[in-house]
Amino acid sequence: MSTVVSSEKIPNNVDLGSDKKLQRALEAWQPKFIDWWKEMGPEGFQADDVYLRTAVSVDSDGWAQYDFVKMPDYRWGIFLADPIADKKIGFGDFYGQDAWQSVPGEFRNVLRRLVVTQGDTEPASVEQQRLLGQTCPSLYDLRNLFQVNVEEGRHLWAMVYLLQSYFGRDGREEAEGLLERRSGNPDKPRILGAFNEPCKHWLSFFCFTYFTDRDGKYQLLALAESGFDPLARTTRFMLTEEAHHMFVGETGLGRVIERTCQLMKQNKNEDARAEGGIDLVTIQKFINFWFSVSLDLFGGEISSNAASYFASGLKGRAKEEKYEDHVALDGTFSMEVPIVEGGILKGLKKDDVPLRNAMNEVLREEYVQDSQRGLDKWNRILESNGIAFRFRLPSRRFHRASGIFAGLTFDPDGRPISREEFEAKKGEWLPTAADDAYVASLMQKPIYDPKQMANWIAAPARGIKGNPVDFEYVRHTA
Ligand SMILES: [Fe+2]
Ligand SMILES: [Fe+2]
């Protein structure tokens with residue numbers, strides 16, 4: 001079992017003390033990170049004591065220690081899952097060979113790009129969410145938001161550790177760049193589209209943590225298979241934290257839906273908005289939006305990059321061991337592709353794509369199935385309240401901005417439609433500015449009284465770590 005020296009400036013289980021050069025590089029980066037956190041982290045709560053989970057080691061009782069801490073004093077650290085003896089590369093052209101403990105020269109650039117792209121999403125999400133605390137529905141939710149934020153900060157640390165220890169000077173420059181880009185800033189945007197979309201209110205936050213953090217889960221699962229062992233071990237440990245983020249999204253949306261059902265039942269027209277709640281149609285629109293922008297994060301359906309990541313043993317499939325063929329040179333993957341003639345979408349046809357080129361779609365397929373589970377749960381809430389409405393995931397062709405469906409128009413069932421029809425119906429399928437404004441209007445007044453919960457959301461079934469729901473999870477001094 002790995003040991004931890006948490007008395008050090010940077011808690012870690014990678015024996016940082018024995019690598020003075022790396023330790024100095026990380027200690028030089030640390031104050032810049034704190035400056036970034038104070039500037040771009042949660043605004044208005046930096047002096048508050050927050051009941052947070054902190055990882056102090058990777059074993060079962062060390063990775064989740066709860067205590068009150070001020071966020072800038074959070075002990076961000078570097079934790080890798082314990083090594084597996086005699087680790088082999090599990091897929092691709094180097095299948096069965098020893099896993100790499102240092103960066104193979106020929107894959108240096110592409111591996112660095114993978115680490116930077118993953119790393120960039122972590123601070124981006126903190127930036128997207130930085131104002132949400134000011135409209136929180138309860139102290140319980142406020143604390144969950146901050147828990148997600150500090151852990152995304154730790155995920156940034158995880159990627160910066162890889163950059164600084166394995167990629168030399170380029171890696172140090174990339175580590176600086178991760179603190180310089182800004183979500184939504186047109187001059188220096190974050191790398192991926194969904195991470196430049198503003199998270200304007202808590203309905204978007206819950207959709208983001210359900211759908212976009214789930215993309216994170218699948219990217220991490222694919223990287224956890226990497227033949228570059230330090231990356232695999234880092235991402236394996238990040239997955240334990242990621243699970244909580246999706247819990248926040250799934251239960252958050254579930255509680256919104258539960259409350260909407262209550263409000264519908266107390267109104268003679270079943271009008272949730274008339275009772276100050278969020279109607280089911282609006283919730284469906286936000287599901288459509290965040291699901292579709294998250295699908296884009298998986299990359300092109302037919303991708304030579306994905307094929308070369310797989311061939312090189314850098315990025316595998318989620319839970320690679322469940323597949324029989326780890327080389328994937330012979331198989332094909334069947335998918336629907338658009339027929340476009342003269343720039344006009346004519347229909348769809350089936351295409352058998354060489355399996356390696358379809359690896360993004362293989363991962364996206366698993367993501368779609370996993371996403372459906374939450375909708376099934378939310379639909380059971382509707383059912384148990386005797387409400388006929390059912391949530392549905394839109395087709396993966398709907399509202400796409402990258403890949404083979406980008407720029408083409410489909411309805412939420414995936415049927416090809418004209419651009420005119422899409423434009424005419426878009427307001428029924430995707431949140432309008434008025435929907436955003438309505439949802440935000442419900443949240444203007446934050447709830448800082450531990451005994452209260454905003455009107456638009458039900459209380460959670462239980463509190464955190466055995467504490468009651470009305471525990472003072474954040475000691476907020478206004
Ligand atoms: Fe993360
Ligand atoms: Fe996350």
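At-a-glance table
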quantity: nm² value of the averaged projected area, convex hull over the Cα atoms of segment 291-337; calculated: 4.3
quantity: Over the chain: helical MRE at 222 nm, DSSP H runs n ≥ 4 each giving -39500 (n - 2.57), nearest 500; calculated: -14500 deg cm²/dmol
quantity: Relative frequency of Cα-Cα separations exceeding 36 Å in segment 16-475, percent; calculated: 30
quantity: Selection from His326, Val256, Ser60, by position along the positive dipole direction of the chain (Cβ); calculated: Val256
quantity: Counting all C-alpha pairs of segment 116-215, share separated by more than 16 Å (%); calculated: 56
quantity: Listed residues Gln118, Gln129, Phe107: farthest to the positive end of the dipole of segment 44-165 (Cβ charges); calculated: Phe107
quantity: Per-residue HN-Hα couplings for segment 16-26 [Karplus 6.51, -1.76, 1.60; θ = phi - 60°; Hz; x = Gly/Pro]; calculated: 4, x, 8, 10, 4, 5, 5, 4, 5, 4, 5
quantity: Phi to ³J(HN,Hα) by Karplus 6.51 cos²θ - 1.76 cosθ + 1.60 over segment 238-243, Hz, x for Gly, Pro; calculated: 4, 4, 5, 6, 4, 4
quantity: Per residue, the convex hull volume that the Cα atoms of segment 132-186 enclose (Å³); calculated: 75
quantity: In order through segment 217-229: 3J(HN,Hα) via Karplus (6.51 cos²θ - 1.76 cosθ + 1.60), integer Hz, x for Gly, Pro; calculated: 4, 6, 4, 5, 4, 5, 6, 5, 8, 4, x, 7, 4
quantity: Net charge dipole size for the chain [Lys, Arg +1 and Asp, Glu -1 on Cβ; Debye, nearest 20]; calculated: 520
quantity: Dimensionless Rg ratio for segment 387-458, taking C-alpha atoms and the 2.2 N^0.38 Å reference; calculated: 1.55
quantity: Lys319-Glu383 FRET efficiency (beta carbon distance; Förster radius 35 Å; 0.05 resolution); calculated: 0.65
quantity: Amide H contacts of Phe333 (H built 1.01 Å from N, under 5 Å, at least 5 apart or other chain); calculated: Val353, Leu355
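Taken together, the values in this text are just the output of simple stated rules run on the coordinates, not laboratory data. Every value quoted in this text rests on a predicted model; they were computed, and no experiment measured them. Glycine gets a Cβ as well: all are built from the backbone with ideal geometry, and neighbour counts include every protein chain shown.
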